[in-house]
Amino acid sequence: MPARDAQVVGSVAFVTGAASGIGAAVVGALVRTGATVAAVDVSAEGLTELAERSGGRVVPFTADVSDAAAVADVVERVESGLGPIDTGVSAAGILRPGSLTGTSDKDWSDTFAVNTDGVFFVLRELARRMVPRGRGSLVTVASNAAGVPRTNMGAYAASKAATTMLTRCLGLEVAPHGIRCNVVSPGSTDTPMQRQLWTGEDDRARVIAGTPEEFRVGVPLGRIADPEDIADAVLFLVSDRARHITMQNLFVDGGATLRA
């Protein structure tokens, strides 16, 4: 175990959106590095399957992050049962694709309820507990869509942009207390959310190649990310290898956004 990963061993991590996709991959990475993980999701079935594969290192908690009271309750239950939370990863998110002019009020509010309000509730609750202890690391899984205009993804992109700045502002506030807050922004990743956008056998190739009619460049590295690629970035940021990194946004998108 590398010395700068050692602080994860025996620690308690809190991961939302844990039942599938990037969240499940983050849970797996933390468990392999030695953490006990409180896995939070609205899908009780998915959490049960995840916990059964973990050898007792994953404890499932069913909760809706868009409900502030539910978030406060689950954090209290985690700390009462497992101990102080050292790491928090907000990976819960939804995507309601469609043009902005065609987006319903409900789709807009639902998107922000999970992607932005939910992250705020989790970060606020965890930070309130971490500040008196003088330690902790928080990571938000956002999206490269937060920094690049996307067709048919306006609500999602806007919610992730808000979440990105929310996390960085919190990082500034809690830095004097030894708490770090960072963002990981994935590009196209092979998850159920990504696959809901696909309609044909060649969709993977189209994502990699780019779609000029949608003003979307391709992926310079020539591949779509696996969830584990994103989880590795999260694991780095919560470890002591990133002990002097806070308020940063790490793009893990194969170069798709051409960020300088």
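Laboratory data are not the source of any read-out in this text; all were calculated from the coordinates shown. Bear in mind that the values here come from a model prediction, so they are computed numbers and not experimental data. Positions of Cβ are backbone-derived with ideal geometry, glycine not excepted, and every protein chain shown enters the neighbour counts.
Tabulated values for the structure
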item	result
Residues with amide H under 5 Å from that of V252, placed H, sequence gap 5 or more	S185, G187
Rel. contact order, % - alpha carbon contacts under 8 angstrom, at least six apart, the stretch 139-260	33
Helix-only mean residue ellipticity at 222 nm for the chain, each DSSP H run of n ≥ 4 adding -39500 (n - 2.57), per residue, nearest 500	-12500 deg cm²/dmol
Beta bridges per DSSP with both ends in the chain, % antiparallel, nearest 5	5
Under the Debye formula (equal points on every Cα, no solvent term), log10 I(q)/I(0) of the chain at q = 0.14 Å⁻¹	-0.92
In Hz, Karplus ³J(HN,Hα) per residue of the stretch 50-66 (6.51, -1.76, 1.60; θ = phi - 60°; x = Gly, Pro)	5, 5, 5, 8, 9, x, x, 8, 10, 10, x, 9, 8, 7, 9, 5, 6
For the stretch 114-260: rounded, prolate or oblate by the Cα gyration tensor [a/c cutoff 1.5]	prolate
Cα centroid of the stretch 80-127 to Cα centroid of the stretch 198-260, whole Å	20
Residue (of G254, A113, T151) at the positive-pole extreme of the chain, dipole from beta-carbon charges	G254
DSSP beta bridge pairing in the stretch 109-260, given as percent antiparallel to the nearest 5	10
Debye, to nearest 20: dipole size of the chain, +1 on Lys, Arg Cβ, -1 on Asp, Glu Cβ	880
Centroid-to-centroid separation of the stretch 42-70 and the stretch 139-187 [C-alpha atoms, Å]	23
Mean Cα-pair separation over length for the chain, i.e. relative contact order, pairs under 8 Å, 6 or more apart, %	20
